[in-house]
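Okay, structure first, notes after.
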Amino acid sequence: MSAGTPRSLASSGQKNIQDIRHPLCAAEESASIRSADARIHPGSGADTAGGGEKDLSLPNGTPVDTSSPASSSSLLNRLQLDDDLDGETRDLFVTVDDPKKHVSTMETYITYRVCTKTTRTEFDLPEYSVRRRYQDFDWLRNKLEESQPTHLIPPLPEKFVMKGVVDRFSEEFVDTRRKALDKFLKRVADHPVLSFNDHFNAFLSAKDLNKRQGLALLSKMGESVKYVTGGYKLRGRPIEFAAMGDYLDMFTQKLGTIDRIAQRIIKEQSEFLMELREYGPVYSSWSSFEEELHDPLEGVSGCMSNCSSALDELTEDMSEEFLPVLREYVLYIESMKVPTDVEKCQDRVECFNADLKADWDRWQNNKRQDFRQLLTGMADKNIQYYEKCLAAWESLIPSLQDKQEAKDETN
Amino acid sequence: MADSGSEDIAVIGNTDLTPSESENNLKNTMVEKGTSLLKRMEIGVAEAEKRTGKNAVNMQETYTVYLIETRPVDAASEGTNPVPDSLWRRYSEFELLRNYLLVAYPFVVVPPLPEKRAEFVWHKLTADNMDPDFVERRRVGLENFLLRVASHPVLSNDKIFYSFLTEENGWKETVFETGFQAKADSRLKALNATFRVKNPDKRFAEMKHYGDELQSVISQLLRVRARAADRLYGVYKVHGNYGRVFSEWSAIEKEMGDGLQSAGHHMDAYAASVDDILEEEEHYADQLKEYLFYADAVRAVCRKHELTQFELEMAAQDLTSKKQQREELATGTVRTFSLKGMTSKLFGQETPEQREAKLKMLETQIEEGEELVKERNAECDEYVKSAWVDIERFKEQKDHDLREALISYAIMQISMCKKGIQVWNNAKECFSKM
């Protein structure tokens, strides 16, 4: 529910899109429990996650905008908080950016650039840059679910959008989708097992994904499996996992409530903004027929305008950054409800449980950091709003008082 | 008229009931220093009380009375602090006083009373005159009214005003004995009548126009404020829901629980803070309302000038026409059409005796007319002089007061922003510990 107006597609704002911090980046590798399948990373000298480098970047490769003290210090905070960081090596960085519209006779669609930087030997080259469309991401996810049924696969943004209701080519929609796709790939890249999946490798490196043969058939199969078995992936698991299911239920509910509250606040703020916007003109028109009071009233009018802009920014930020992230988490949890074919892995139950527990723990940890960041961000935005208003009013006071002193002196 | 004395005028008011420091300061700055009354006496409206009694139609009614306290200045400065003289008055008596002043001093911009009914209310405030918040704000407004009158160079010397402050019994009778009531009725009628003035004083016309504009813009402002207050209330209160959900959420979390719980408390505090914010803003609205009503008083003074001017013009016109009649009668020429002229033409001329009698009558009337014109001219000049002095005084007061009001409004906003920053910083700290 965005209070802002859709912008044109081209601009990514004043910052280079690479420099814009991902609103919900899966942070440093923090799970101490490794799954049994995990490869042993060679201990390498370059600790790219440390704070010692001159180019601060987040563990998964997104450069940090170091001009903002909030972001670099919170980055450092997170790095310092987590003990497990020391032995970690990042050797695979993935980003999704540069959305472009393609118009052909058959259809119009958006592609995204997927950039990869890696030192892994599984890849032929150290760098890749390919273009992928949503279909390709969908294919990848299906492949991952199929080939790694014992693991939690991160979710994709909504596949279907109602034409005529949502503009599939508006910059807002495309950018929201891009962020979600970027998140998806980063989560896969961070995963100790999934990141070594061959399909993932192909997705990142192949010039042209040779997938058409299997695609239609496979997605249909995937659907039928979903309808046959309902409930959580955790169904039929040992009792200890039942608690996870309960937690997810309650957590989803809380997230839903928070979503509603946030929406309500945005609505109230927008309505308050509407009234606030009326103040300026009234004070201005008053100043037009006053002499002594002309400047003070104009000053107040200007102040009101500044406060209006600040509130507008706050509402927009909450709409475009807070709400989508919250909703994406709900989707994430929804995706954990969709099971893969259970029967296929009956013989690997032991392995399945361990994998799942490992993934669960890392998910919990990521969730904690994600929400810490999300809520801290919300607090920050509100603080910034009040600071802008405070500055506006404080700068007005001397000009209101100055005249008075000058006037008193002349009396 | 008011000398810029350096005396400190202390005010007894029930200041510990007022919501903020700034209101107290404003009261002091609003009071003009230097009238002889204020030099002698401290005036305040200390309390309000509910009373029940039988009204004019012998029905039970509940009403509020206000305690007016007066104290000689010397006593206070000596430090002995004796018990002040006091008496109770209700709102209708204040109205009576003001109506008297309006009639007795038509050239004065008479200070307004606080509103009779709550107007420009936002959703939470009731328009109930018995509501304690309304009563409290009215108490402050009545005190303000008394101080304004007491600090006015002309009004402060009025005996009726003095006895309003000092004589509990029999004051009403004293007022009615002045016979102002009759004048009040005719004044109202005249002010509401429409008439055109041939030579209006440009300054008064402009001032009246200013009064119109001021009234219009302040009404607009008050309406916007009421709506904005309503919305702001909503924004703050919904944040209270965060408090609840964070609390529930913390129950299902392990490490995150404490941070969430504490953050929730800060959200509750944030939601609760809006009540104080809006109460302080109410004070600003009251200041605007005073000048909304002052605009009306200014317009009344300008209207009265128009009336005076109109009466002068009427008298002058009447004199001119009588002089013309005399001329016609004397020379026998009819320049203007008159029924008498026509009938005499039709039914024959008057006798020389009749003409003589008529001429004599006209002469008397002309003499009287000239006296009247002289009188009215003097009245007009006098009125213009005194009224303009008071208008200039009013303009200075208005500029000063409204500037102060804007400053205190800005201070209020600053305080609100600082509180907001503090609460969100607290919440942020809790979040960062999650």
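The values are calculated or read from the model by the stated rules, or taken from the named source; none is laboratory data. On a predicted model such as this, the values are computed, not experimentally measured, just so you know. Glycine gets a Cβ as well: all are built from the backbone with ideal geometry, and neighbour counts include every protein chain shown. The protein model used for the area step is the full one, side chains on, heavy atoms only, and it has no ligands, DNA or RNA in it. Shrake-Rupley method; radii C 1.70, N 1.55, O 1.52, S 1.80 Å.
Being touching a strand residue (DSSP E or B) at 6+ places or on another chain (Cβ under 6 Å) and touching a residue at least 12 places away in the same chain (Cβ under 8 Å), is that true of even one residue in the stretch A:148-158?
Going through the stretch A:148-158, the residues touching a strand residue (DSSP E or B) at 6+ places or on another chain (Cβ under 6 Å) turn out to be none.
No; the residues of the stretch A:148-158 include none that is touching a strand residue (DSSP E or B) at 6+ places or on another chain (Cβ under 6 Å) and touching a residue at least 12 places away in the same chain (Cβ under 8 Å).
Cβ-Cβ distance below 8 Å, separation of 6 or more or different chains: which pairs start in the stretch A:363-391 with a residue that is at the interface with another protein chain (Cβ under 8 Å from one of its Cβ atoms) and end on one that is open to solvent by 10 Å² or more (accessible area, probe 1.4 Å) and β-branched (Val, Ile, Thr)?
A:ILE383/B:ILE421; A:TYR386/B:ILE421; A:GLU387/B:ILE421; A:LEU390/B:ILE414; A:LEU390/B:ILE421
Taking the residues in the stretch A:246-261 that are at the interface with another protein chain (Cβ under 7 Å from one of its Cβ atoms) and under 17 Å from B:ASN241 (Cβ atoms) as candidates, determine which candidate is surrounded by the most Cβ atoms within 10 Å (Cβ to Cβ).
Residues of the stretch A:246-261 that are at the interface with another protein chain (Cβ under 7 Å from one of its Cβ atoms), as a first pass: A:247, A:250-251, A:254, A:257-258, A:261.
With the extra rule that they be under 17 Å from B:ASN241 (Cβ atoms), the set shrinks to A:254, A:257-258, A:261.
Values: A:LYS254: 18, A:THR257: 17, A:ILE258: 23, A:ILE261: 18.
My answer is A:ILE258.
For the stretch B:176-189, which positions are surrounded by 17 or more Cβ atoms within 10 Å (Cβ to Cβ) and aromatic (Phe, Trp, Tyr)?
Answer for the stretch B:176-189, where residues must be surrounded by 17 or more Cβ atoms within 10 Å (Cβ to Cβ) and aromatic (Phe, Trp, Tyr): just B:PHE180.
Return the total of residues in the stretch A:291-308 being assigned to a loop (DSSP other than H, G, I, E, B) and either at the interface with chain B (Cβ under 7 Å from one of its Cβ atoms) or modelled with pLDDT of 95 or more (or both).
Within the stretch A:291-308, residues that are assigned to a loop (DSSP other than H, G, I, E, B) and either at the interface with chain B (Cβ under 7 Å from one of its Cβ atoms) or modelled with pLDDT of 95 or more (or both) number 2.
In the stretch B:181-231, what count of residues is obtained for those that are within 30 Å of B:ILE277 (Cα to Cα) and of a type outside the set (A, V, I, L, M, F, W, C)? Please lay out each step first, then the result.
Kept after step one, since they are within 30 Å of B:ILE277 (Cα to Cα), are these residues of the stretch B:181-231: B:213-231.
After this cut, where a residue has to be of a type outside the set (A, V, I, L, M, F, W, C) as well, the list is B:213, B:215-216, B:219-220, B:223, B:225, B:227, B:230-231.
Within the stretch B:181-231, residues that are within 30 Å of B:ILE277 (Cα to Cα) and of a type outside the set (A, V, I, L, M, F, W, C) number 10.
Could you say which residue among B:LEU142, B:LEU146 is farther than 21 Å from B:TYR284 by Cβ and aliphatic (A, V, I, L, M)?
It is B:LEU146.
Which of the following residues is in contact (Cβ under 8 Å) with a residue 24 or more places away in the chain and closer than 21 Å to B:GLU280 by Cβ: B:TRP88, B:TRP122, B:TRP171?
B:TRP122
Just to be sure before I move on: is B:GLY369 modelled with pLDDT under 90 and more than 29 Å from A:TYR279 (Cα to Cα) in the structure I sent?
Judged against the criteria, B:GLY369 is not a match.
Collect the residues in the stretch B:83-106 that are open to solvent by 50 Å² or more (accessible area, probe 1.4 Å) and either more than 30 Å from B:SER386 (Cβ to Cβ) or touching an Asp or Glu at 6+ places or on another chain (Cβ under 8 Å) (or both), keeping them in residue-number order.
B:VAL83, B:ASP85, B:SER86, B:TRP88, B:ARG90
Scan the stretch A:262-290 residue by residue and report those that are part of a helix (DSSP H, G or I), within 7 Å of chain B (Cβ to nearest Cβ) and not acidic (Asp, Glu).
Hits for the stretch A:262-290 are A:ARG264, A:ILE265, A:GLN269, A:PHE272, A:LEU276, A:TYR279, A:VAL282, A:SER285, A:TRP286.
Could you check how many residues of the stretch B:383-415 are more than 8 Å from every other protein chain (Cβ to nearest Cβ) and closer than 30 Å to A:MET378 by Cβ?
The total comes to 2.
Scanning for something touching a Lys or Arg at 6+ places or on another chain (Cβ under 8 Å), of a type outside the set (Asp, Glu), more than 14 Å from every other protein chain (Cβ to nearest Cβ) and surrounded by 12 or more Cβ atoms within 10 Å (Cβ to Cβ), does the stretch B:192-212 turn up at least one residue?
No, there is no match, as no residue in the stretch B:192-212 is touching a Lys or Arg at 6+ places or on another chain (Cβ under 8 Å), of a type outside the set (Asp, Glu), more than 14 Å from every other protein chain (Cβ to nearest Cβ) and surrounded by 12 or more Cβ atoms within 10 Å (Cβ to Cβ).
Let me spell it out: the conditions are (1) under 38 Å from the mean Cα position of the chain (by Cα); (2) hydrophobic (A, V, I, L, M, F, W, C); (3) at the interface with chain A (Cβ under 10 Å from one of its Cβ atoms), and B:ALA263 meets all of them except one. Which number is the exception?
(1)
Go through the stretch B:164-175 and report how many residues are part of a helix (DSSP H, G or I) and either among the polar types (S, T, N, Q) or exposed (fewer than 12 other Cβ atoms within 10 Å of the Cβ) (or both).
Adding up the residues that qualify gives 3.
Just a yes or no: is a residue in the stretch B:139-150 open to solvent by less than 10 Å² (accessible area, probe 1.4 Å) and small (Gly, Ala, Ser)?
Yes, the stretch B:139-150 contains at least one residue that is open to solvent by less than 10 Å² (accessible area, probe 1.4 Å) and small (Gly, Ala, Ser).
When the stretch A:244-286 is examined, which residues are found to be more than 24 Å from the chain's Cα centre (by Cα) and of a type in the set (Phe, Trp, Tyr)?
Within the stretch A:244-286, A:PHE272, A:TYR279, A:TYR283, A:TRP286 qualify.
Please tell me if A:TYR232 is modelled with pLDDT of 95 or more and aromatic (Phe, Trp, Tyr). I'd like the intermediate steps shown before the answer.
Numbers: modelled with pLDDT of 95 or more: no; aromatic (Phe, Trp, Tyr): yes.
For A:TYR232, the condition - modelled with pLDDT of 95 or more and aromatic (Phe, Trp, Tyr) - is not met.
May I ask you to say which residue of B:LEU260, B:LEU312 is under 30 Å from B:SER186 (Cα atoms) and touching a Cys at 6+ places or on another chain (Cβ under 8 Å)?
The conditions single out B:LEU312.
Being part of a helix (DSSP H, G or I), facing chain A (nearest Cβ under 8 Å) and open to solvent by 10 Å² or more (accessible area, probe 1.4 Å) is the filter here; which residues of the stretch B:236-258 pass it?
Matches in the stretch B:236-258: B:ASN241, B:GLU248.
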